[in-house]
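Read-outs: derived from the displayed coordinates by stated rules, not from any lab. Here the structure is a predicted model, which is why all the values come from computation and not from measurement. Every residue, glycine among them, receives a Cβ derived from its backbone with ideal geometry; neighbour counts consider all protein chains shown.
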Amino acid sequence: MDISRRLELVANLVTHNVIADIGTDHGYVPIYLYKKGKIKKAYACDVRKGPLEKCKQNIALYGAEDVIETRLGSGLIPLKPGEAETAIMAGMGGMLIVHILEDSPEVAESLKELVLSPQRDFHEVRRYLHKIGFSIKEEHMLKEDGKPYVLMRCEKGEEIYDREIDYLYGKLLLEKKDPVLKELILHEEGKYSRLFDNLKGNPTENAQKRLPEVEEKLALMREALACL
């Protein structure tokens, strides 16, 4: 079974051997981990019956029925507290990840590890992880099909970032001068610089109201770029 580079990186972040793959789709991540001999139990969870049926077929194809169990349901709801050590959530929006964790606080609290790959709203995910007592131990960034993805491995532990840019762009990514992050911020900085110049030359009330907000965002981007 061939899986994307992003999903392979997600799978390789897992450090525990009892996992739950939330939004498993066709079950590629748990099957990959099974083939590598890295798990003793997996729960492949999805809210959609069709993909879960395909997941069951794939599990059978690789003879993994004794290890990988499918569960139908939304988010972490199919799990009992303590059933899984690691929850994987990849290929979904950051706010959906936040809502999944919010909707099942007892299950979230019982997890030892979260492996996440949000498609957007990365900063919201970082803030919420800190709010519920998870620290970000690893963070990586890559582009796949032209889209930026963040990959995080998180463990239970208190952590708070001091700077706004650490939440917006990722403290660990800034520290290691991530080239994909730099490319992303440079692109955004260019867009906001042009917007700032346009607003500055526009005397209308609406334009002048937007100007401070755009100026603040530009200042944060430039602060982050100075770290990269």
Arg163-Ile132 pseudo-label distance in nm [points 7 Å out on the Cα-to-Cβ vector]: 2.8 nm
Normalised alpha carbon radius of gyration of the chain [divisor 2.2 N^0.38 Å]: 1.15
Percent of beta bridges antiparallel (DSSP, the chain, rounded to nearest 5): 40 percent
Dipole magnitude (debye, nearest 20) for the chain, charges at Cβ of Lys, Arg, Asp, Glu: 460 debye
Net dipole in debye of the stretch 184-228 [+1 Lys, Arg Cβ; -1 Asp, Glu Cβ; about Cα centre; nearest 20]: 120 debye
Cα-derived Rg to Rh of the stretch 161-228, Kirkwood definition: 1.06
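Which value at 222 nm does the chain reach when only helices count, each DSSP H run of 4 or more adding -39,500 (n - 2.57), with the total divided by all residues and rounded to the nearest 500 deg cm²/dmol?
That calculation yields -15000 deg cm²/dmol at 222 nm.
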Percent breakdown of C-alpha pair distances by 5 Å bin, ordered from the shortest bin, for the stretch 20-71: 5, 27, 39, 22, 7, 1
Extended-chain gain in nm, criterion 0.36 nm per residue less alpha-carbon gap, His99 and Asn12: 28.8 nm
Euclidean distance between Cα centres, the stretch 175-228 to the stretch 66-131, Å: 32 Å
